[in-house]
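The values are calculated or read from the model by the stated rules, or taken from the named source; none is laboratory data. Small disclaimer: the values here were computed from a predicted structure and weren't measured. Cβ coordinates were reconstructed from backbone atoms using ideal geometry, including for glycine residues, and neighbour counts include every protein chain displayed. All accessible areas refer to the heavy atoms of the entire protein, side chains included, with ligands and DNA or RNA removed. Shrake-Rupley method; radii C 1.70, N 1.55, O 1.52, S 1.80 Å.
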Amino acid sequence: MPEPKHTNALIHEKSPYLLQHAHNPVNWLPWNEAAFEKARNENKPIFLSVGYSTCHWCHVMEHESFEDDETAALMNRLFVNVKVDREERPDLDAIYMEAVVALTGHGGWPMTVFLTPDQQPFYGGTYFPPTSRQGMPAFRDVLEAVSRAYADRRAEVLDQAGRLTDAIRASAGQSPSPDPLTSGILTEAVVSLREHFDQEWGGFGTAPKFPPAPAIELLLRLHQDGNPLALEMATTTLDRMADGGLYDQLGGGFHRYSVDRVWLVPHFEKMLYDNALLARAYLHGWQVSGDADLRAVAEDTLDWALREMRGPEGAFFSALDADSEGV
């Protein structure tokens, strides 16, 4: 009997993200031993794609590539294709994100990783477009180049995979320092933050800008410990973020990040964990500074979470999608 045209196994999964891909023409498999055995038996590398259900660029890559019959046929011919939901398997996401950052210098989602059949990474990246643009290679070109390298330069690929795996193991095996956090180390942290601080618009670095809740918390604490540089950086950042489009002026809550330096144009996805951290940062900002506007933002953010992020059973949703009804 001939094999069916598509054998997408994600239809049997429970993850919303995996189910979003259950009707792709890609022969997706979940992360399991059957996928690894298939890769070993067919002597193929594994194409691992990691994302989550509210990720905008994950949707973009799906529509451009994973729903395209020709691209899917190439993937099915050259690779064993595995989909992972980072919210379901944060352990796998952390391991392979470390590999991608080591290879490319940056990370993000969708995460694209090429593995040996024994799950060792040897090449990776994030989003790849269907045609080359802005310095990014076309996704099909990447697929063909990786497949050729695996076939023709196997020893080189396996050496790269082994060295990368050893580096990840060494990083995971590091023990925390037993030395106490001294005032000198904390002072150096403030100096380092100051070097990257945007004095006009708050935050650190330039576009895109993510809300730096942990850095704000550190600065507020160090201000209380007597550091004179810390409070200005914390309150300027809190004020500018709340004044811009990063903060939902009508509905409450903060979006994922701002695409510009001035916090004006948001990426419209909202994450529960971002808002949990920011509600605390604004609460502590009010406690330290006495600024009632900061307290109002904390209250509005918590009201938003209670109003819009709770399901009928009382549990909290993890995120609100950047897309709405497919756009």
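Might you check whether a residue that is among the hydrophobic types (A, V, I, L, M, F, W, C) and more than 24 Å from Arg295 (Cβ to Cβ) occurs anywhere in segment 172-183?
yes
In contact with a helix residue (DSSP H, G or I) (Cβ under 6 Å, 6 or more places away or on another chain) and touching a residue at least 24 places away in the same chain (Cβ under 8 Å), is that true of Gly107?
Numbers: in contact with a helix residue (DSSP H, G or I) (Cβ under 6 Å, 6 or more places away or on another chain): yes; touching a residue at least 24 places away in the same chain (Cβ under 8 Å): no.
Taking the combined requirement at face value, the residue does not satisfy it.
For segment 18-56, enumerate the residues that are closer than 21 Å to Gln160 by Cβ and part of a loop (DSSP other than H, G, I, E, B).
Listed by number, the residues that qualify are Asn43, Lys44, Pro45.
So that you can scan it fast, the table gives a plain yes or no per residue for (1) farther than 26 Å from Gly107 by Cα; (2) modelled with pLDDT of 95 or more; (3) buried (at least 21 other Cβ atoms within 10 Å of the Cβ):
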| position | (1), (2), (3) |
| --- | --- |
| His12 | yes, no, no |
| Pro16 | no, no, no |
| Ala22 | no, yes, no |
| Pro25 | yes, yes, no |
| Asn32 | no, yes, no |
| Phe36 | no, yes, no |
| Arg40 | yes, yes, no |
| Leu48 | no, yes, yes |
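In segment 223-256, how many are more than 26 Å from the chain's Cα centre (by Cα), part of a loop (DSSP other than H, G, I, E, B) and more than 20 Å from Trp201 (Cβ to Cβ)?
The qualifying residues number 5.
Quick check on segment 257-296: of everything there that is outside any strand (DSSP E or B) and among the hydroxyl-bearing types (Ser, Thr, Tyr), which residue is surrounded by the fewest Cβ atoms within 10 Å (Cβ to Cβ)?
Among those residues, the one meeting the criterion is Tyr273.
I'd like the full set of residues that are exposed (fewer than 15 other Cβ atoms within 10 Å of the Cβ) and without any contact (Cβ under 8 Å) to a residue 60 or more places away in the chain, limited to segment 209-232.
Hits for segment 209-232 are Phe210, Asp225, Gly226, Pro228.
Kindly indicate whether Pro176 is open to solvent by less than 40 Å² (accessible area, probe 1.4 Å), under 30 Å from Tyr96 (Cβ atoms) and assigned to a loop (DSSP other than H, G, I, E, B).
no
Please pick out the residue among Ala215, Ala189, Ala207 that is modelled with pLDDT under 95 and either touching a strand residue (DSSP E or B) at 6+ places or on another chain (Cβ under 8 Å) or within 17 Å of Ala298 (Cβ to Cβ) (or both).
Ala207
With respect to Thr206, is the statement that it is touching a residue at least 24 places away in the same chain (Cβ under 8 Å) and touching a Lys or Arg at 6+ places or on another chain (Cβ under 6 Å) true?
In short, yes.
Quick check on segment 179-205: of everything there that is in a loop (DSSP other than H, G, I, E, B) and not charged (D, E, K, R), which residue is farthest from Trp263 (Cα to Cα)? I'd like the intermediate steps shown before the answer.
Within segment 179-205, the subset in a loop (DSSP other than H, G, I, E, B) is 179-182, 198-203, 205.
Imposing the further condition that a residue be not charged (D, E, K, R) reduces the set to 180-182, 199, 201-203, 205.
Numbers: Pro180: 36, Leu181: 33, Thr182: 34, Gln199: 13, Trp201: 8, Gly202: 9, Gly203: 9, Gly205: 12 Å.
The residue in question is Pro180.
Quick check on segment 63-84. Is at least one of its residues under 20 Å from the mean Cα position of the chain (by Cα) and surrounded by fewer than 19 Cβ atoms within 10 Å (Cβ to Cβ)?
Within segment 63-84, one or more residues are under 20 Å from the mean Cα position of the chain (by Cα) and surrounded by fewer than 19 Cβ atoms within 10 Å (Cβ to Cβ).
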